[in-house]
Amino acid sequence: MGVINRAAEVLVKVPGGSILLAPADFVINWARESSLWPMQFGLACCAIEMMATAASRFDLDRFGIIMRASPRQSDVMIVAGTVTVKMAPFLRRLYDQMPEPRWVLAMGNCAGAGGPFLDSYSTVQGVDRVVPVDVYVAGCPPRPEGLVDGLLALQRKIHRMSLAGERGERVTVG
Amino acid sequence: MSDLMTAGSGLQQTVVNMGPQHPSTHGVLRLIVTLEGEVIADVKPDIGYLHRSVEKIGENRLYQQFIPYTDRCDYVGGSGNTQAYVLAVEKLAGIEVPERAQFIRVMLAELNRLTSHLVWLSAFGVDMGATTVFLYGMREREPIMDLMEMVTGARLTYSWFRIGGCPLDLPAGFDARCREALRHLPGRLDEMDVLFTGNPVLQVRCQQVGILPPELGVALGASGPTLRGSGVPYDVRRAIPYEIYPKLDFAVAAQPTCDVMGRYLVRIEEMRQSIRIVEQCLDLIPPGPVMTKLPRAFKPPAGEAFAQVESPRGHFGVYLASDGSNRPRRVRLRAPSFANLQAVPYISKGWKLADLVAIVGSLDIVLGEVDR
Amino acid sequence: MSEGEQLQSPPPPELSPTVEELESRFPQAVTGGWEQDGVLRLEVAAQGLLDLCRELRDAPEYAFDFLADLTACELDGLKIVYLLFSIPHSRFAWLHLAVDGERPAAPTLSEIWPGANWFEREVYDLFGVRFEGHPDLRRIMLPDQWESHPLRRSVPLEPLVYPPAGGMEVGQRDSLLPSEPGGEP
């Protein structure tokens, strides 16, 4: 995709080039957001609510979201739970193993900012100290509807992406 | 490892790392598996990936402020943890809890046992490859979680019990809704029995696998369905009764087979017994207050106390030490999964890697309470 | 009780024949105790502790076959707290072993109750108590390179600073990672 990105950047500078870019952006963003495959990174309590969201009542499959176990096959890493000092290097390593484009959704208060374990000697105060985060979903644990809201916000964010442009600002939901 | 060839087997030993991020380890558990071919020679569990220093935090919080942390240890069956903690504090301070509050606490703890076992069943199904059970189990869990939400306002980490009772009474209409939700559940459990328990693939994968001899189980400190699946009928609700359990009529589920199937069947039976307990509570619950009034600046006398409950995973114990101030000197949470997990190296030698998934699944560990 | 009223301590329990018998049979190990409400509370010392525990586990009148808990507590000095349960008799034995605050050490009970293995590792990890004779005494909750024993009172509760100074490079081998897979963790 690197070549295409460079071509897109050139195209934007050409007068009238954006018109060519917009349909390509639309199709590519639609494809990416409609088939977000998260890597299930359930660490703690939020993982159970993530499971409940993927299950029968709150079904994530209707959004095209299928939980994948391997980072190599996933688009978004939903960090659900507290990140501890022992786990943080592995979290970084798994993030590095995800192919681009990749996003991170910090689910819950612990992943967002440390949560109730803020003053603990062994937890990382927010996963954004380890990986860049795109969407924060607040809650302890967030309701499944909240997680769905976060994933839809991520979809809207992807929709705003452009082949030639920036990733976009961070979004907080919940 | 210097010896890569084991004497006599002619097979080279391979070390395989499972976790800490793994779909079947039920959390952040790392298993370092030494294989000879596909047969397990040794398993070393490596824990601590969710160590959130809950016990140290407990020394820096007021007694009441620690209640939310108890839920987050065994996050699937949080009510049991909170119940053990408040029981320990009440023992330390000599507080009497009104009977209605005890009934409510037992009812919510048993409903939580149902949701916890349904999560276990769903996850176990996914581990075995039967994803239908995951969808069915989580679906059955939702009405019960709606009930819990009606009473406590939360779906998973309730943090609802208080030192001295319950903060609120049961809402109007709870009785009817609870009976309605529980009316359908036994039939659904039967359905899942036919779908899953009777499945020949599951039977081959679970019968005679991961044998935990009862003496070894007791010596390792295993408890709950892990131990009852080996024929030892040790249930804290019967052995060391607490709250209003002496007034309730229920059977202790135990299976003599000591294998994965035995532990599985124990949990299914426990679900049915929990339904029975909740219905009895609804029938027997007396009117009255739900909370003993405590001084605003709650300072229990100096001393120590311990309490234990039967959480969905086993014997969950809390040990408290107080120096007379408003913060505990020591809060110790004895997690059943911590002891149950010690059994993994003993019971998985000689089995294959796929059986290890079944064995770890049958112990029903929750890493939040293993690591605290 | 009304607001502002201080909660009273329970009255001390009476002497017990069981404690006296154990004190006479294991004079070095048992230094005191009482019995109340089905709980046999003993103050013990390290000398002869293993013989006492073997007796508590094997003698049919005690039959404390289940190690319910093994932890440490720093209230008036550091002590190891053992909570034993007898499944046949449904009663508890609660042992308190005072250890030195500077260099805490205690004998291991992992030969008597194999379940003590991980409990003692946890006490070593968080309190720094060395268990003599333990087959595998290393940290269990915290990374191996961690230096302090956080649950001691002398260690204040301070939030972790992460990532460490200097940041982390992509792909950098973090010093907090355990040793190579394939070797001993």
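Observations on the structure shown:
- With an a/c value of 1.5 or above and a/b larger than b/c for the gyration tensor axes a ≥ b ≥ c computed over the alpha-carbon atoms, the protein assembly as shown is described as prolate.
- Within region C:97-114, the residues that become at least 30 Å² less accessible when every protein chain is included than when their own chain is isolated (1.4 Å probe; DNA, RNA and ligands ignored) are C:PRO114.
- A Förster radius of 22 Å combined with the Cβ-Cβ distance from A:VAL10 to A:ARG72 puts the calculated FRET efficiency at roughly 0.10.
- Estimated dipole of the protein assembly as shown in Debye, rounded to 20 [Cβ of Lys and Arg +1, of Asp and Glu -1, Cα centre]: 1820
- Magnitude of the charge dipole for chain B, about its Cα centre and with charges confined to Cβ atoms of Lys, Arg (+1) and Asp, Glu (-1), is about 1000 debye.
- Cβ-derived FRET efficiency at R0 51 Å, B:GLU36 paired with C:ARG139, nearest 0.05: 0.95
- Counting, for every residue in B:53-60, the Cβ atoms of other protein chains within 10 Å of its Cβ and taking the mean gives 6.
- Extents of region B:145-297, largest first, come to 54, 36, 27 Å (Cα atoms, principal axes, whole angstrom).
- Shielding by other protein chains, A:127-135, mean Cβ within 10 Å: 1
- Accessible heavy-atom area order of A:VAL3, B:VAL252, B:VAL133, highest first, probe of 1.4 Å: A:VAL3, B:VAL252, B:VAL133
- Percent carbon-and-sulfur accessible area, region A:1-131, ignoring ligands, DNA and RNA, probe 1.4 Å: 61
- Rounded to the nearest whole Hz, the Karplus-based 3J(HN,Hα) values (6.51 cos²θ - 1.76 cosθ + 1.60, θ = phi - 60°) of region B:83-94 follow the sequence 4, 4, 5, 5, 5, 5, 5, 5, 5, 4, 9, x, with x at glycine and proline.
- Per-residue average of Cβ from other chains inside 10 Å of B:210-218: 1
- With the convex hull constructed from alpha-carbon coordinates only, region A:1-117 shows a mean projected area of 9.1 nm² over all directions.
- Rounded if a/c under 1.5, otherwise prolate or oblate - region B:271-326, Cα gyration tensor axes: oblate
- Accessible area (Å², per residue) of chain B, counting only protein heavy atoms and a probe of 1.4 Å: 30
- Per residue accessible area of chain A, 1.4 Å probe, in Å²: 41
- Chains A and B, summed buried accessible surface - 1.4 Å probe, Å², nearest 100: 3000
- Reachable aspartates and glutamates from B:LYS299, criterion Cα separation under 18 angstrom, eight or more residues apart if same chain: B:GLU59, B:GLU90, B:GLU96, B:ASP323, C:GLU3, C:GLU5
- Candidates A:VAL83, A:VAL14, A:VAL133: whichever shows maximal mean-square fluctuation once chain A is modelled as a Gaussian network with Cα springs under 10 Å: A:VAL14
- Fraction of accessible area attributable to carbon and sulfur, region B:186-293 (%, probe 1.4 Å): 61
- Protein heavy-atom accessible area occluded, C/A pair - total, 1.4 Å probe, Å²: 1600
- Mean Cβ count within 10 Å, highest first, over the residues of peptides A:100-111, B:349-360, C:30-41: A:100-111, B:349-360, C:30-41
- Farthest towards the positive end of the charge dipole of region B:1-149, among the residues B:LEU35, B:GLY80, B:GLY129, is the Cα of B:GLY80, using unit charges on the Cβ of Lys, Arg, Asp and Glu.
- Accessible area buried, both sides summed, chains C and B with 1.4 Å probe, Å²: 4600
- Span per principal axis, largest first, for the Cα atoms of region B:1-112 (Å): 67, 31, 24
- Selection from B:GLY217, B:GLY165, B:PRO186, by position along the positive dipole direction of region B:86-239 (Cβ): B:GLY217
- Straight-distance candidates among the lysines for linking to B:LYS352, with alpha-carbon spacing under 19 Å and chain neighbours fewer than 8 residues away dropped: B:LYS44.
- Fraction of accessible area attributable to carbon and sulfur, region B:100-161 (%, probe 1.4 Å): 51
- 0 to 90° range, to nearest 10: angle between helix B:260-284 axis and chain B longest Cα axis: 10
- Each residue of region C:139-155 was assigned a 3J(HN,Hα) from its phi angle through the Karplus expression (A = 6.51, B = -1.76, C = 1.60, θ = phi - 60°), giving 5, 10, 8, 9, x, 4, 8, 4, 9, 8, 10, x, 7, 5, 5, 5, 9 Hz with x at Gly and Pro.
- The magnitude of the dipole of region B:103-144, with charges of +1 and -1 set on the Cβ of Lys/Arg and Asp/Glu and taken from the Cα centre, is near 120 debye.
- Gyration tensor verdict on chain B (Cα atoms; rounded if a/c is under 1.5, prolate if a/b is larger than b/c, oblate otherwise): oblate
- Computing FRET efficiency as 1/(1 + (r/R0)^6) for B:LEU284 and B:ASP193, where r is the C-beta to C-beta distance and R0 is 25 Å, gives about 0.30.
The values are calculated or read from the model by the stated rules, or taken from the named source; none is laboratory data. Just so we're clear, the structure is a prediction, and the values are computed from it rather than from any experiment. Reconstructed Cβ throughout: ideal geometry from the backbone, glycine too, with neighbour counts over all protein chains shown. Ligands, DNA and RNA are stripped out before the accessible areas are found, and what is left, the full protein with its side chains, is counted by its heavy atoms. Shrake-Rupley method; radii C 1.70, N 1.55, O 1.52, S 1.80 Å.
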